[in-house]
Amino acid sequence: MSLMIVFAAFLILMWLFSGFARRQQQKMIAEQDRRREEALVAGTWVRTTGGFYGQVVDIDGDVVVLATQLGDESLWNKKSIVCAEEPPFASVGDNGDASDAGSTADAPAEQGAASSETTES
C-alpha cells in the first residue's frame, strides 16, 4: 500500500513539474513572437531559420517579402524569421583592399601572357 502512495506522489510531482515547464515554454514563445513582430518593419535586415539574410520589403499577413542586396525578392512565412540581424558581410579592412585581391589574382595570368609574347618574338 505504501508503494502505491509513493507512486501516486511521484506522478503528482511529475504532473506539477511538467505544467511549470509548459508555462515557461509558452512565455518564452510569446516573447520571441513579440520581438519578431517588433523587428518586422520595412528596411530591417532579418535572418531566417535557413540562414537566409534579407531586408524586409513588405508584410502581408503571415507572408513577408525579403529582398537580397542585389534586389531579388522572395516570399517567406513570418514564423521562419528568427531575428533581426545585420548580415555578416566582410568589410574591406578585414582582408585588405578589394582592388589588391583582384590584382593578385590576375597577376599570374598577365605574367604568363607576357612570357609567351617574349618566346614568340
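The values are calculated or read from the model by the stated rules, or taken from the named source; none is laboratory data. Predicted model only: the values in this text are computed from it and were never measured. Note that each Cβ is placed from the backbone with ideal geometry, even for glycine, and that neighbours are counted across all protein chains shown. Just the protein is used for accessible areas: all its heavy atoms, side chains included, with ligands, DNA and RNA removed. Shrake-Rupley method; radii C 1.70, N 1.55, O 1.52, S 1.80 Å.
Points to keep in mind about this one:
- Computed label-point distance, nm, for sites LYS79 and PHE20 using a 7 Å Cα→Cβ extension: 2.9 nm
- Sequence of LEU66, LEU16 from largest to smallest accessible area, 1.4 Å probe: LEU16, LEU66
- Viscosity 1.002 mPa s, temperature 20 °C, Stokes-Einstein D of segment 4-67 from Kirkwood C-alpha radius, µm²/s: 144 µm²/s
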